[in-house]
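The values are calculated or read from the model by the stated rules, or taken from the named source; none is laboratory data. Worth saying up front: this structure is predicted, and the values here are computed from it rather than measured. Every residue, glycine as well, gets a Cβ built from its backbone with ideal geometry; the counts of neighbours run over all protein chains shown. SASA here: full protein model, heavy atoms, side chains in, ligands and nucleic acids out. Shrake-Rupley method; radii C 1.70, N 1.55, O 1.52, S 1.80 Å.
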Amino acid sequence: MNTYFLITDGMVFICFVWQIAMIILFGVFIRYDEESDTHWIEHRRKKNISTNLENDFYYRYPSFQDVHVMIFVGFGFLMTFLKRYSFGGVGFNFLIAAFGIQWALLMQGWFHHLDEHDWKIKIGVENLINADFCVASCLIAYGACLGKVSPVQLMVLTLFGVTLFAVEEYIILELLHAKDAGGSMVIHTFGAYYGLTISWVLYRPLLSQSKHLQGSVYHSDVFAMIGTLFLWMYWPSFNSAIADHGDGQHRAVINTYLALASSVLTTFAISSISQNNGKLDMVHIQNATLAGGVAMGTASEFMITPYGSLIVGFCSGIVSTFGYLFLTPFMEKTLKIQDTCGIHNLHAMPGVIGGIVGAITAASASESVYGQEGLINTFDFKDAVANRTVNIQGGYQAAALFVAIAFGLVGGALVGGILKLPIWGDPADVNCFDDDVYWEVIVFFFFFF
Amino acid sequence: MNTYFLITDGMVFICFVWQIAMIILFGVFIRYDEESDTHWIEHRRKKNISTNLENDFYYRYPSFQDVHVMIFVGFGFLMTFLKRYSFGGVGFNFLIAAFGIQWALLMQGWFHHLDEHDWKIKIGVENLINADFCVASCLIAYGACLGKVSPVQLMVLTLFGVTLFAVEEYIILELLHAKDAGGSMVIHTFGAYYGLTISWVLYRPLLSQSKHLQGSVYHSDVFAMIGTLFLWMYWPSFNSAIADHGDGQHRAVINTYLALASSVLTTFAISSISQNNGKLDMVHIQNATLAGGVAMGTASEFMITPYGSLIVGFCSGIVSTFGYLFLTPFMEKTLKIQDTCGIHNLHAMPGVIGGIVGAITAASASESVYGQEGLINTFDFKDAVANRTVNIQGGYQAAALFVAIAFGLVGGALVGGILKLPIWGDPADVNCFDDDVYWEVIVFFFFFF
Amino acid sequence: MNTYFLITDGMVFICFVWQIAMIILFGVFIRYDEESDTHWIEHRRKKNISTNLENDFYYRYPSFQDVHVMIFVGFGFLMTFLKRYSFGGVGFNFLIAAFGIQWALLMQGWFHHLDEHDWKIKIGVENLINADFCVASCLIAYGACLGKVSPVQLMVLTLFGVTLFAVEEYIILELLHAKDAGGSMVIHTFGAYYGLTISWVLYRPLLSQSKHLQGSVYHSDVFAMIGTLFLWMYWPSFNSAIADHGDGQHRAVINTYLALASSVLTTFAISSISQNNGKLDMVHIQNATLAGGVAMGTASEFMITPYGSLIVGFCSGIVSTFGYLFLTPFMEKTLKIQDTCGIHNLHAMPGVIGGIVGAITAASASESVYGQEGLINTFDFKDAVANRTVNIQGGYQAAALFVAIAFGLVGGALVGGILKLPIWGDPADVNCFDDDVYWEVIVFFFFFF
């Protein structure tokens, strides 16, 4: 009863307080940028922009919508695979993403887009994409905790996750000047270690009490495939959404498309030898097929070459599937990390691979391949970093990977500690993975015809 | 038997007659416009258009496809929530939308796009979007009648609905010169009152005979979430699809994105206090989370500011969820309006809010905020209305809202009367919400493994 | 046991060998084209291209993503309709599409895009679209074999299918210079006859042993509607994806949109008279509604007029639905062709209709309708075919249709022969349409609440 009391009050209280806080902060800080303001027409004239099409909206809106689908349908449905936690999977994903994007607009705005003249954050479509990206890291973290935490805990996880993300992103992109267009490091590595550490702090030794609810059933696996496929199909948009106009976006799409295709093949291969009788495991197909997209996040804009992209997908599909086979059970038993969705296999390891691939590809970039201007454009060797060499860039890329891991581990430990407080209405061990705790579920036979 | 006879004959007869009528009318009236005609290349040269990209196709096609998904998957799957009416939900939605868009191209063409020289309607991508918009109002009306009407009745509802829509739209957009880019008034308010009035005329006092079929089951609720999420994600495209090129589309997206995010939070909050033990209700999550998009339809292009958008979403989420809690039962008991999907809560009230917000925002627009040119562009203060002030514009916006409501009520009463005739093969009370009446349904156990 | 052994080994071996082969061949042959290479900026300057937007990426990427969704979600979910073969439907579709697109990039590259200077294939977004198109033909063929073949057989089917496709496409598009933007002939006719012939060679006289698994259940039909609707909604993108910039893409969208709407009406009409009591059949709605899109593939770019498009959809919806009613049973009984998804009705007949419509429309094209430049642009009457008349073009279009059919029949017979070898681990008759052979399926009651 007490638990329920807390849940009820917590949800209402937090949703209202936070949403009102968002309204106030948006009122103080957020304004339209020059491309979404009615003064655009004057801006166009002043800057001699010949057509409305040069509004960044037309460069980025299709990619934005694809990313948006990945966040809400992709992540949401991927988490419907549990037999009795589909409402929680897709529903809480919806809740925390909707909250997170607002907070992300503020946090990322303060760090990256604060106008020095009027101290306002000017937003446009690129900010919306970045907010979606930022929230993705928290949804990844949710994957480790799926079924074991309350919605209030998830909102706290998201509040701090977005905050940490913004700082980490600032360090990696602005201070280290590392490149990470698709967020192998910034989004996936950080999000995964953040979630895994939280899950480690919240370890439930008696979780086996709800073991009968931990698996999937036939049709929840088909629902989850909706999530998988929308993530898989739109991942080229994810990795190219904020890439450079022109060849940058174009190349990021090709690289990601190829890496994803490649990891499908190796996932099926490994999955088929893993089981008795060579049967395939839906868990692998739902997850490890996406590893190529994660691993191509950092280097998507680089001249990694089409076959290089295939190699990245090849390796990450193998690593990810083996992760599901051996690492997840090992982590649960030995390291006491209960990782419901296997985010270590889908996001952490491929994310780290992506970071390493990015560092190596950057360090081995050359003017003969990129062209002089191409090299400068791709790595933004301008202003403060005008004299940086590709070798040094590679070093900074590697440093960025460590920053992402460190933020995940330390941030996760802190937030995990907060979430361990007995005030958040988390479910009892026996009620984990059960929608019935937080949702009105109709007790009824499904099919009578 | 007689009923079935009518259904059979009705479907075949109406589908064929209508489709042949469409072919003839299209033959007489519909032609490609200058941007979809092979003479485009000459048109380009004549108008000195430098690039193919200036073809409106490239400004609007991505938004069109998003809107298209909302119409067919969004509305369609949102209506699969009933445990035994998923075929009817998604299938009849498909049927009437496919019919309606053809009729809409004609009706809207006659009112808005008739070429004075040759009396032809010239169509391009914007017409396709508008046809989808027009049909949306009939699909909203379907929501009130879901499970209680025959497909033939739905086609009649759509035929008249599209006709009424075109007239109403003409009055609102052309005569009153009101702005309504996302159709809070034109689409949602009209469609909802149209459907509710029809449902009121078709009141079934003994509907409780099929009460056991009125609810959802676990997996039909997950199916419905597919509809919810595609509506939610693509609503920014809906509200920006026919907005002004450049900043207009850009701003409409930002405003809608924020309003939607905000209404998710308040929907979860209200839903959690509404039930025993603070449990969430899937009906609210599936519907009220969308209220922000509806309510942002009219003002999406205006400089409502980002925090203004959040406030609109905040309020409409609350109003909509409370509607599901208190108004729907009240309307059913006292007003004798049986509203299967709760369109009063999702479309009528948020639509009216949207109309009011639009009127207020228009009336309070100023040159200091919009800039001189921006103000003229946003409200199209040109030609006949070149001297209109924002205050007067606000008044016309309010008048438009009443036109939309009036068309819904009067039109719904008339069409409801027609649909009450005992010739349309509507299901008996006991057969409502049952696919078995209109579909081959395999009587079979679902899971035997 | 032996069967399983073969399956296991086959999957691993083939996936690895093929993926490694792909990496090597991509390393040797595939490079970024000038629009996805970092040298784009220099290319722009050289060619005096004023803006990044002129990068083909911005013309085609939204369409590409829509096509991508059709391939993976559209075809994938359309094949989930079987009650116990949903994993195989969506999963193997995923596997062979991911493999096929890689092989297609190579095969199509060698035939169409081989740079004469350095013997490399330069790829950009149009190649990605074409690879998706190419794979579509193999997925169509899969539809005939669904549930009766092993994943290894499917991969062999795809390997040869893509190869045949590339040759056939080269003959039709390059040698005959026929137009086929949406692939009525190249994709649908070829793919369907390829699959049907394979199915004929692999005829299983005792397939009735798994008859109890051949049908759908309520919810698998709803899953299949996801596939249907995404195919239906995005078909305008399919038929316009590689059409000419500007009016070509624009017109292809309008034509396809209208043909599809029209075939929905006639499908519902015919379906309602086909059953006892006028009930609708989900199989028809899931498939025949798409016939208009298939039949509009060749003529989508032509000035077929809006009402012409409606007529095409009208007829193909009727033909396709009647096919499901009469031809599929006839073919199974008399011709010994077991066509699980009815691809003969959805792809073969509408594809042939599309080819004929294309030939007639081309032959009747005129300068008065197209304009002089428009005619040249639409049919590419340049270089070697500068003097071709529309009548001759019509003849070549007809010839192209025969090439597509011939490649399907002969190719299918050859590949069917290969697939008949008893080394591919195909399921026993009694195990057809059963996921349990190739997938870990949890034997568990689904709903206990």
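Out of the residues in the range B:410-437 that are within 25 Å of the chain's Cα centre (by Cα), away from chain A (no Cβ under 14 Å) and in a loop (DSSP other than H, G, I, E, B), state the one that is modelled with the lowest pLDDT. If we take residues in the range B:410-437 being within 25 Å of the chain's Cα centre (by Cα), away from chain A (no Cβ under 14 Å) and in a loop (DSSP other than H, G, I, E, B), then B:Trp424 is modelled with the lowest pLDDT. Just one of (1) part of a helix (DSSP H, G or I); (2) surrounded by 24 or more Cβ atoms within 10 Å (Cβ to Cβ); (3) over 15 Å from the mean Cα position of the chain (by Cα); (4) not charged (D, E, K, R) fails for B:Ala104. It is (3).
Per this entry, B:Gly143 is not counted among residues that are within 20 Å of B:Gly227 (Cα to Cα), in contact with a strand residue (DSSP E or B) (Cβ under 8 Å, 6 or more places away or on another chain) and of a type in the set (Gly, Ala, Ser). The helices (runs of 4 or more DSSP H) found wholly in the range C:263-333 and carrying at least 3 residues that are small (Gly, Ala, Ser) and at the interface with chain B (Cβ under 10 Å from one of its Cβ atoms) occupy C:306-322. Pairing residues of the range A:12-25 that are within 7 Å of chain B (Cβ to nearest Cβ) with residues that are among the hydroxyl-bearing types (Ser, Thr, Tyr) and open to solvent by less than 20 Å² (accessible area, probe 1.4 Å), at Cβ distances under 8 Å and at least 6 apart in sequence or on separate chains, gives A:Val12/B:Ser272; A:Cys15/B:Thr266; A:Cys15/B:Ser272; A:Phe16/B:Thr266; A:Gln19/B:Ser262; A:Gln19/B:Thr266; A:Met22/B:Ser262; A:Ile23/B:Ser262. With respect to the numbered conditions (1) acidic (Asp, Glu); (2) more than 22 Å from B:Asp180 (Cβ to Cβ); (3) open to solvent by less than 30 Å² (accessible area, probe 1.4 Å), which one is the sole condition not fulfilled by B:Asp281? Condition not satisfied by B:Asp281: (3). Could you list all residues from the range B:382-409 that are without any contact (Cβ under 8 Å) to a residue 12 or more places away in the chain and part of a helix (DSSP H, G or I)? B:Asp383, B:Ile392, B:Phe402, B:Ala406, listed by residue number. Counting only residues that are farther than 25 Å from B:Leu202 by Cβ, open to solvent by less than 50 Å² (accessible area, probe 1.4 Å) and not hydrophobic (A, V, I, L, M, F, W, C), how many does the range B:391-410 have? Number satisfying all stated conditions: 4.
The set of residues in the range B:148-196 being among the basic types (Lys, Arg) and either farther than 24 Å from B:Val12 by Cα or open to solvent by 30 Å² or more (accessible area, probe 1.4 Å) (or both) consists of B:Lys179 alone.
I need the full set of residues from the range B:170-214 which are part of a helix (DSSP H, G or I) and out of contact with any Gly (no Cβ under 9 Å at 6 or more places or on another chain), in order please. Write out each step before concluding.
Of the range B:170-214, the ones part of a helix (DSSP H, G or I) are B:170-175, B:184-201, B:207-213.
Answer for the range B:170-214, where residues must be part of a helix (DSSP H, G or I) and out of contact with any Gly (no Cβ under 9 Å at 6 or more places or on another chain): B:Tyr170, B:Ile171, B:Ile172, B:Leu173, B:Glu174, B:Leu175, B:Leu207, B:Ser208, B:Gln209, B:Lys211, B:His212.
Looking at this structure, is B:Trp110 in a helix (DSSP H, G or I) and open to solvent by 40 Å² or more (accessible area, probe 1.4 Å)? Considered against the rule, which asks whether it is in a helix (DSSP H, G or I) and open to solvent by 40 Å² or more (accessible area, probe 1.4 Å), B:Trp110 comes out as yes.
Output the residues belonging to the range C:292-317 that are of a type outside the set (Ser, Thr, Tyr) and without any contact (Cβ under 8 Å) to a residue 60 or more places away in the chain. The answer is C:Gly292, C:Ile304, C:Pro306, C:Gly308, C:Leu310, C:Ile311, C:Val312, C:Gly313, C:Phe314, C:Cys315, C:Gly317. Restricting attention to the range C:197-220, the residues that are open to solvent by less than 10 Å² (accessible area, probe 1.4 Å) and more than 7 Å from every other protein chain (Cβ to nearest Cβ) total 6.
The one condition from (1) surrounded by 24 or more Cβ atoms within 10 Å (Cβ to Cβ); (2) away from chain B (no Cβ under 14 Å); (3) not hydroxyl-bearing (Ser, Thr, Tyr) that C:Gly227 does not meet is (2). A:Ile242 falls short on exactly one of the conditions (1) assigned to a helix (DSSP H, G or I); (2) open to solvent by 10 Å² or more (accessible area, probe 1.4 Å), and that condition is (1).
Go through the range A:368-378 and give me each residue that's at the interface with chain C (Cβ under 10 Å from one of its Cβ atoms) and either assigned to a helix (DSSP H, G or I) or open to solvent by 40 Å² or more (accessible area, probe 1.4 Å) (or both). Across the range A:368-378, the qualifying residues are A:Val369, A:Tyr370, A:Gln372, A:Glu373, A:Gly374, A:Leu375, A:Ile376, A:Asn377, A:Thr378.
Sort out which residues of the range C:253-278 are open to solvent by 10 Å² or more (accessible area, probe 1.4 Å) and in contact (Cβ under 8 Å) with a residue 12 or more places away in the chain, and write them in order of number.
Taking the range C:253-278 and keeping what is open to solvent by 10 Å² or more (accessible area, probe 1.4 Å), we get C:273-277.
Within the range C:253-278, just C:Ser274 meets the criteria.
Report yes if some residue within the range A:245-252 is open to solvent by 10 Å² or more (accessible area, probe 1.4 Å), within 9 Å of chain C (Cβ to nearest Cβ), outside any helix (DSSP H, G or I) and free of Cβ contacts under 8 Å to residues at least 12 places away in the same chain; otherwise report no. For the range A:245-252, residues open to solvent by 10 Å² or more (accessible area, probe 1.4 Å), within 9 Å of chain C (Cβ to nearest Cβ), outside any helix (DSSP H, G or I) and free of Cβ contacts under 8 Å to residues at least 12 places away in the same chain: absent.
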